[in-house]
Each structure stands twice: as C-alpha cells, then as structure tokens.
1. Given bins 10 angstrom wide, list per bin the percent of all Cα-Cα distances in the chain, short to long.
2. Mind sorting D234, D149 by how few other Cβ atoms lie within 10 Å of their own Cβ, fewest first?
3. Can you give the angle from 0 to 90° between the axis of helix 239-251 and the longest principal axis of the chain, with both taken from C-alpha atoms, to the nearest 10?
4. Using the count of nearby Cβ atoms within 10 Å as a rough guide to exposure, how do S203, S257, S51 rank from fewest to most?
5. Can you list the aspartates and glutamates whose alpha carbon is less than 15 Å from that of K193, not counting same-chain residues fewer than 8 positions off?
6. Tell me whether the stretch 138-183 comes out rounded, prolate or oblate; compute the Cα gyration tensor, take square roots of the eigenvalues as a ≥ b ≥ c, and use a/c under 1.5 as the rounded threshold.
7. With a 10 Å radius around each residue's Cβ, average the other Cβ atoms per peptide and rank 24-30, 101-107, highest first.
8. Fewest Cβ neighbours within 10 Å first, please rank H223, H166 accordingly.
Amino acid sequence: MRGWMNEGKSYIPPVGIGEVMRAGGIGRVVASTHAKFAPGQLVSGSLGVQSYATLTAEQAARAGLVKIDTRLGTPTQWLNVLGMPGMTAYFGLLDVGQPRAGETVVVSGAAGAVGQTVGQLARIKGCRAVGIAGGRAKCDWVVNELGFDACIDYKAGNVRAGLKEHCPKGVDVYFDNVGGEILDEVLARLAMKARIVICGAISQYNNTTPVQGPRNYLSLLVHRARMQGMVVFDYADRFPQAVTELATCLKDGRMKSREDVVHGFDRFPEALNRLFTGENFGKLVLQVADDVTGSR
Ligand SMILES: NC(=O)c1ccc[n+]([C@@H]2O[C@H](COP(=O)([O-])OP(=O)(O)OC[C@H]3O[C@@H](n4cnc5c(N)ncnc54)[C@H](OP(=O)(O)O)[C@@H]3O)[C@@H](O)[C@H]2O)c1
C-alpha cells in the first residue's frame, strides 16, 4: 500500500488522491443479483478500504471476488495464510527460492504476515529456518510457537554475529522482506549458489532519499548466487493449489497463524503506520464492520 501511494512506474498503477485505497478484504454479501453470490455469503477480493463495496459483475471479476470456505480457515486466516501474504510466502519461497531439504532459509520480517508462513513452510520442506525480527517477544514466538530453528533480534544488535552463529554453513535461501542494512548483512553470509528472493524492502518505503542499494552485491558473483524479485499477482492462476496445501497444513497443525486485528475504519492511518514501527504482531487486519464471523 505504501508503494501504491507513490507516483511513478511500478507493477501496478498508483492509487490516486481521493480514490478508495486498494486493499484485499473479506466481506459479507448484503445484496446481489449475481448468480454466483448470494446475500449472507462471505467473499474475499480486492474490496478496498471501505465499509461497503458496490461491484458490477465485471468489477467483481477484476477484484478476484471469490466465496471463502470457513471450513478451511477463519476469515482472518483467509487474509493471512490462505490469502495474499500466504500466497506470497508460498510462491516466493518455493518457486523463486527453490529450497532443498537440509538447506538454511533465512527470512526477515519473520513474525509478520509473509514471514511467519515462509519460515514454517521452510521447516515443512525439511529446511532449517532462521528468522530475523524486531524484539524478544517476536523472536520467542517464531521459535517457541512456530518452530523456527532460531531467530535474530535485529533491534538488540548484531545481525552479522547472529547469522554467523545460526547459519554456520551460510545462507542458502534469503527471503527478503526488509532490504537495507539487513540485506547487506545476509549478502555477506551467503552459501554457494544461494538464492535471494526480493519480496519487499519495508526499511526503504518511507525514504525521502534514494533507496539504499546493496553494498555487498559482489557476494552474488563470489557465491554464484542469484537475486530475483517476485510479485504475488503473477501466480494468481495457481492460488487454488497453494490454498489447498496451506489449508491442509493449518488443519493438521503443522502450521499456525497469527493475526493482529485493529477495530475501526477511522483507525486505518494509525494501523498502516504500525507496519513501519513494527507494532503489528502477525498479519495486520483492519476490521471495519461489526460482524464478520460465520458464513452461510
Ligand atoms: N512482492 C510481493 O508480491 C509482496 C506481497 C506482499 C507483501 N510484500 C512485501 O513483504 C513485506 C512484508 O509484508 P507484510 O504484509 O508481511 O508485513 P509484516 O511483515 O506483517 O509487517 C511489516 C514488518 O516489517 C518490519 N519492519 C518495519 N520496518 C522495518 C525496518 N526498518 N527494518 C526491518 N524490519 C522492519 C516490522 O517487523 P519487526 O517488528 O520485526 O521490525 C513490521 O512488523 C513488505 O516489504 C511488503 O511490501 C511483497
């Protein structure tokens, strides 16, 4: 969302001033003349930051509107593991990162929406998972609750020493959510043929100066490594496959999820800012209606 507020070329046009902020959401159908959607049903799609979305059939298709099955996950999980962040984790890690059992996967923003699923999926695929997160509470949670092998608290100090301790054979896959200094520290610790997934660079989004590029990029040369960007929307036709696998992992207990729900439409700006201070703990969700539970 922060990127969509900037002018300039990106993977999707910016949101104009005065337009509804683009956002994935879960909603309940209030009224419908569409054959596929009946009043009372829970749906997900690009509904925007608003209390009510009015969509023509064509707009509904463009918004990716689908019914959600609450037997597979709760509505908030449909915004997290079974939604856009989970899809980002799944395809970013598996398609771009291509982890192999026994390898070491490092993920920054480890306790966030994307990060929590990346680390757990890495473990499920037989890898060592090492998180990087801000603060003891988040690090303890990803290790003790989610089963990561280790987590480095970057706010407590030395990321380099933490990587040396927890990645003695180097980093095979780095899933980067934050960019900046942390990306440079991981570049300095790559294993041969490492893969770096450029998912995001949240440390840079509010810069008023140019984005800080990686100083240590020659490590890619030394280690015959590659660094590749990914955009989740490119994988839309394969989302059902990922939802099936991730829902199975949730059901059989191999995967957990955490959502951080802020109540109240008016709190949107404050909620958005939490992502940049790290005050969110898990997938940040803004709840704008009173009742979102249950489905018909
Ligand atoms: N490429 C794609 O298709 C795609 C799709 C979805 C998301 N993304 C990107 O993925 C990243 C994670 O998104 P999310 O929705 O899962 O957010 P999130 O991780 O739930 O929340 C953002 C987290 O970033 C961390 N953070 C903020 N400022 C930081 C800084 N200066 N240095 C280090 N960490 C910082 C904070 O955690 P700490 O408390 O640990 O600092 C914060 O909780 C973002 O960069 C986002 O843009 C990309």
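1. 6, 28, 35, 22, 8, 1, 0
2. Values: D234 11, D149 18.
Taking fewest neighbouring Cβ atoms as first place, the list is D234, D149.
3. The angle comes out near 80 degrees.
4. On the way: S203 20, S257 24, S51 9.
Listed from fewest to most nearby Cβ atoms, that is S51, S203, S257.
5. Here the aspartates and glutamates satisfying the reach criterion relative to K193 are E103, D172.
6. Numbers: a/c = 1.40, a/b = 1.24, b/c = 1.13.
Rounded is the answer for the stretch 138-183, as its axis ratio a/c remains below 1.5.
7. On the way: 24-30: 18.3, 101-107: 23.0.
Most protected by this proxy first, the peptides run 101-107, 24-30.
8. Numbers: H223 17, H166 20.
Fewest to most other Cβ atoms nearby, the residues stand as H223, H166.
Each value in this text was obtained by applying a stated rule to the coordinates, not by laboratory testing. The shown structure was predicted, so the numbers you read here are calculated from the model rather than taken from an experiment. Counting neighbours? That spans all protein chains shown, and the Cβs are built from the backbone with ideal geometry, glycine included.
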